[in-house]
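Report on one structure; see the data block that follows.
The values are calculated or read from the model by the stated rules, or taken from the named source; none is laboratory data. Fair warning: this is a prediction, and the values are worked out from it, not measured in the lab. So basically every Cβ, Gly included, is an ideal-geometry build from the backbone, and we count neighbours across all protein chains shown. Just so you know, the surface numbers come from the protein's heavy atoms only, side chains and all, with ligands and any DNA or RNA stripped out. Shrake-Rupley method; radii C 1.70, N 1.55, O 1.52, S 1.80 Å.
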Amino acid sequence: MTTTSLHILIADDDYTYCLMLKKAITNRGHFVEIATSGEEAFKKLESEIKFDAVLLDYKMEGINGINVLQWMYSKKISIPVILITAYGDEEIFEEAFKWGALEYFIKGEMDIVRLPILVEQVFHKHQKRKFPNS
C-alpha cells in the first residue's frame, strides 16, 4: 500500500512502550520520532520535521493527548492522529474524534505486527480526505 517511507511521531510518556511501537514501525521502513510528554510533542510538531502521522497517548502527565489534539486543531496542523489509550471509554474516543483524531487503539489489545498497517491506512485515509480527486 505505502511505497514511500512515512515519518511518524509517537507521543507517550512510557518510553519503553514508545520503543516497542518504534521498533514495529521502523521494521516496516518508516521513520519515527519520540516525544515523552505533551510539551515535547508540541516542540516536535512545531519543528522543521514534516510528520505524516502521530500516535498520541491519551493520558500523559501535564498536557494530555486531548490537549495536544486541541492545540493541533487551533494551529490548523493537519496530520492524521491515532489515539492510544489504556481505557476503552466511549467518551474519550468521542472527544478525540471531535478534535480530529482519525483512529484509536487500546494498549494491550493492539497486535503490534498490525500497527504499521494501521498507521499506513490512517495516513492514506487522511490523504484521500485532503486530496479527494487524487
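What is the residue count in the stretch 86-98 for residues that are modelled with pLDDT of 90 or more and outside any helix (DSSP H, G or I)? Total meeting the criteria: 0. Among residues of the stretch 60-110 being in contact (Cβ under 8 Å) with a residue 40 or more places away in the chain and among the small types (Gly, Ala, Ser), the one that is most open to solvent (accessible area, probe 1.4 Å) is 78. With respect to (1) assigned to a helix (DSSP H, G or I); (2) at pLDDT 90 or above; (3) of a type outside the set (Val, Ile, Thr), the lone exception for residue 33 is condition (1).
Does at least one position in the stretch 47-59 carry a residue that is part of a helix (DSSP H, G or I), basic (Lys, Arg) and out of contact with any helix residue (DSSP H, G or I) (no Cβ under 8 Å at 6 or more places or on another chain)? Checked the stretch 47-59: no residue is part of a helix (DSSP H, G or I), basic (Lys, Arg) and out of contact with any helix residue (DSSP H, G or I) (no Cβ under 8 Å at 6 or more places or on another chain).
Condition first: part of a helix (DSSP H, G or I) and touching a Phe, Trp or Tyr at 6+ places or on another chain (Cβ under 9 Å). Now tell me which residues in the stretch 99-134 satisfy that. If you could, list the steps in order and put the result at the bottom.
Keep residues of the stretch 99-134 that are part of a helix (DSSP H, G or I), which gives 115-130.
Within the stretch 99-134, 115, 118 meet the criteria.
For the stretch 1-53: of the residues being without any contact (Cβ under 8 Å) to a residue 40 or more places away in the chain and open to solvent by less than 10 Å² (accessible area, probe 1.4 Å), which is nearest to residue 67 (Cα to Cα)? For the stretch 1-53, the residue satisfying everything is 38.
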